[in-house]
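Below: one structure, written as structure tokens.
Just so you know, all these numbers are worked out from the coordinates, no wet-lab data involved. Remember, predicted model here, so these are calculated numbers, not experimental data. Note that we place each Cβ from the backbone using ideal geometry, even for glycine, and neighbour counts take in every protein chain shown.
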């Protein structure tokens, strides 16, 4: 899913459904070219460690903690939640895409 190509809720939902909330914490992030990714984090990885090791990182949302229900098939089926996440990403993208430093989109969605 790329924020420059009119992303859809269905694309985002497929990304969320492809991960299991019970196994790992996850970070939803945007690369410098607008591509949206979701990565699993090992149990004791801190968010700032992820920032340091991801070369193409432009911006990211706060970590979705394991077991909270924000990732997985149930989360993907929640159209209101998916809509809020997509709206957050698309509204933030114009202001973060030219930033020289990693931006954390600190909005609960």
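Just from its helices, what would the mean residue ellipticity at 222 nm be for the chain, if runs of 4 or more DSSP H residues each count -39500 (n - 2.57) and the sum is divided by every residue, rounded to the nearest 500 deg cm²/dmol?
Values: 4 runs with 39 residues, N = 109.
Value at 222 nm, helices only: -10500 deg cm²/dmol.
Among 40, 58, what is the fewest-to-most ranking by other Cβ atoms within 10 Å?
The fewest-first ordering by Cβ neighbours comes to 40, 58.
Using the Cα atoms of the chain, I'd like the radius of gyration and the largest Cα-Cα distance, Dmax, both in angstrom.
Cα radius of gyration and Dmax of the chain are 12.9, 35 Å respectively.
Given the peptides 62-70, 81-89, 5-13, arrange them by the average over their residues of other C-beta atoms within 10 Å, most packed first. Don't skip to the answer; put the middle values down first.
Working: 62-70: 16.3, 81-89: 18.6, 5-13: 14.8.
Ranking the peptides 62-70, 81-89, 5-13 by packing returns 81-89, 62-70, 5-13.
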